[in-house]
1. In a shell of Cβ-Cβ distance under 13 Å around B:G123, excluding B:G123 itself, what net charge do Lys and Arg (+1) and Asp and Glu (-1) give?
2. Could I have the simple spin-label model distance between B:L185 and B:I129, label points 7 Å from Cα toward Cβ, reported in nm to one decimal?
3. Counting only other chains, what is the mean number of Cβ atoms within 10 angstrom of the Cβ of each residue in peptide B:194-205?
4. Within 10 Å of each residue's Cβ, count the other Cβ atoms and sort B:Y197, B:Y73, B:Y305 from fewest upward.
5. Taking a virtual spin label 7 Å from the Cα of A:E110 along the C-beta vector, which residues in segment A:58-97 bring their backbone nitrogen under 18 Å of it?
6. For chain B, which DSSP H helices look membrane-span-like by this rule: Cα extent along the axis of 20 Å or more and mean Kyte-Doolittle of at least 1.0?
7. So what's the net charge close to A:L207: Lys and Arg +1, Asp and Glu -1, counting the other residues with Cβ under 13 Å from its Cβ?
8. So which of A:K403/B:K122; A:K181/A:K223; A:K19/A:K403; A:K181/A:K431; A:K50/B:K271; A:K181/A:K403 end up more than 27 Å apart, counting from Cα to Cα?
Amino acid sequence: MTDSASLTAPAVQAAGIQKRFGSTRALRGVDLTLEPGRCLGLVGRNGAGKSTLVSILSGIYPPDAGEVRLGGPLATVFQHSMVVPGLTVAENVFLGRQPRRRGGIVDWREMRRQTRQVMADWGFDVNADTPAGSLTVEQRQVTEIVRALAAGTRCLLLDEPTAALERGAVERLFGRIRQLKEQGVAILYISHHLEEVFEICTDVAVLRDGEMVLTAPLPAVTKDSLVTVMVGASERPAEPASAIAAAPPAGGQDLVVDGVTHFSPGTRLRDVSLTVRSGERVGITGLRGSGAITLAQIVAGALAPDSGQVRLGDRVLRPGDRSAALRAGVGYIPEDRQADGFVPLLGAAENIAMTITDRIARAGFISPRRREALAAPLADRLSLVSSGLGQPVRELSGGNQQKVTVGRALASDPRLIVAITPTRGVDVASKALLLGELDRVTRETGASLLLASDELDDLVICDRIMVLVHGEIFAEFTSPADREALIAATEGIS
Amino acid sequence: MNRTRAVSVIREATLLPVLAVLLLASSLINPHFMTVANMTGIGQQVSALGVVVVGESLILLIGGMDLSLESTYGLAPMLAAWLIVPVASFGNGMLLSPYVGLLILLAVGAAVGLVNGLVIVKGRLNGFIVTLGMTILLAGIQDGIVKGQAPFNLPTAFGYLGSASWGAFPVALLVAALIFTGAGLFLRYHRAGRAIYAIGGNREAARAAGINVDRVRIGVYVAGSVLAAIGGLMEAGRVSSVAPTQGYGEGIIFPVFAAAVIGGVSLQGGKGNMLGAATGVILLGVVQNILDLENAPNYWIDAIYGGVILFALLLARVIGGEASAE
């Protein structure tokens, strides 16, 4: 598939890349080489400069200094899907360069034939005539990869490709990556998950504070030493407190979920009931589509169930009414911070205080100074890094944006916190910090916690873990739960 | 924090130098420009438009759009005037008190806004097409009830806002300035004002934060239409009659949008402020005035005005950078 010349020349060679955003130096002289047939894992904490580097390599913006040399065309598969939902797979694969007949008319038959050909060549199997809007996340990813391959690209940048995939799909993705590697494709693999990097990559590169602090072949480095390099010598991630001692909470029923049913494409939740005692921390987990996240959204009032009831204390929460749930004392950390976690143009303080405007307003009016004074302690506890609490959240790094989202939920002093994947896309140290804060708050204020996540590390702070399979509660564990058994249960094996 | 605040104020004021240059150039071109009479004249003329711009800006900030403000601007004073002036002045003969007329005017504004808001927010229809339909409907009613006539001889109380002066100072200008200032402070400091920015900036995030998004959005459509009705009252008072073409027939929605966008209010929502919007209004007013003073050829005045607005949009894009983009 590749000629011998391109096998010898690097696919990407970047030297001395520098980039500055205002007063922030995002990249301070980064070198990076990517060889054909290799898979280079790019890791680093949030704000280390990974996204900036990816954007520069993809040509989204130019570096301030330094040089990027490409051995051939390069394609990036971003975290957010870049397919056009209204077009078919074949149309997406040939977007902007459709095969034409004489007179400029699109040659549909040829376009479908070539799409099927490329799919077959690489062992992929997505139907060329399917509308992209009805593809699964995995199929969309394949479509994007095929688009790159069909255009002759032999260098792929995969930005957090597993973020939205369930376990089986991740395995299949890895199979595809291995195959691409063997055929001489160069891959830059950006990920938060070190296990993935160890499983699939041939080399690893670590960014920290805009500098490339380590480049090494695998498995020459250990996971532990990699974490140390990522975090820097001074700060090791702290263990959440509950790993040390778990006191069984006392008190009556606080949250009651009664026979909740919700059908939507891809997810069906069937007659689920559960209770959370006041002060108790309950985790819900399951594969994508299991309904764990849907259930949490329903409890938070972000989604109305088809039937069933959510009660907090003796109050029945109005279905699908988020502002009523907030007034009843439900804090909410949504799944996708970009979608509904914060308002990008508004400042950190204003985003954090958005849940308590009724409390900080005097006769309806809010003093910005008072707002910042109230947000400051929370920002402090969450170690929020910003140039000031007035800085628009859009300008913050992903990890700090997540801290704002969590801060917003905690600001209202909730009696129940509903947290959905609260550490998604967040680096190791921030992860520990966010979980530690949820742990501390629930202990100190006696608030209950309903935590929906597919990351087992998140569930460490829970007293009890419910596993959902196909929209029903399949198993229940008390903490500390056996990881193997928990994973088996999510797959429906008891 | 102080730095970001300072930067944002500077960014908001980028149009002020342009305005200063325009004022200077205008006073050099025409000696009658920089006179008290002319200045108050401009003030009186732009007040009505300015009040509608406040209404449209609120709606744009929350991520919506309302084309029907121009028809509300015509229909609300038309219906009120029709009910209060005698048949001889093209009224319908009910001869209602002018104060009742004012209430009717406000009620028409509120009702139109409420219908728009409910249909768009609860009915989940696109604001562009809903308000476009509403525009035509309202303008048709405005024309229909008076059969194309223009009620005149408006009672003093009804025309006061648009025609009265305190000394050399037009009441309309004072009221418009108060409305701009009030709306500006409201947007900057009031809970609901901040909710408007939150909803315009990311509606789902605002909802997840517990803001009652639907209620605020409907409220803003109501407020916008009421402001359009008040603007229409000012215009009716200024010319002391209500033309069947007032609003829709004159096509005021273009300068309304243009003033807001030149002033940095984003059509995407969540971005912009009243200082910018006011600058945009004054800019358009000055341009219109200098064209009048210089006796621009009658048949060409619209083309020139339109061209100047497009140029001003480009200029605002270049100077304001991202602040007025999109």
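1. Spelling it out: positives minus negatives among the neighbours equals +2.
2. Spacing of the two 7 Å Cα→Cβ label points: 4.2 nm.
3. Across the residues of B:194-205, the mean count of other-chain Cβ atoms within 10 Å is 6.
4. B:Y305, B:Y197, B:Y73
5. A:90-97
6. Those that clear 20 Å and a mean of 1.0 are B:15-29, B:36-61, B:69-84, B:98-117, B:127-146, B:171-189, B:274-293, B:301-320.
7. Here the charged neighbours net out to +2.
8. Those over the limit are A:K403/B:K122; A:K181/A:K431; A:K50/B:K271; A:K181/A:K403.
Values quoted throughout were computed directly from the atomic coordinates according to the rules given, and no laboratory measurement underlies them. These figures come from a predicted structure and were not determined experimentally. All Cβ positions, glycine included, derive from the backbone under ideal geometry; neighbour counts span all protein chains shown.
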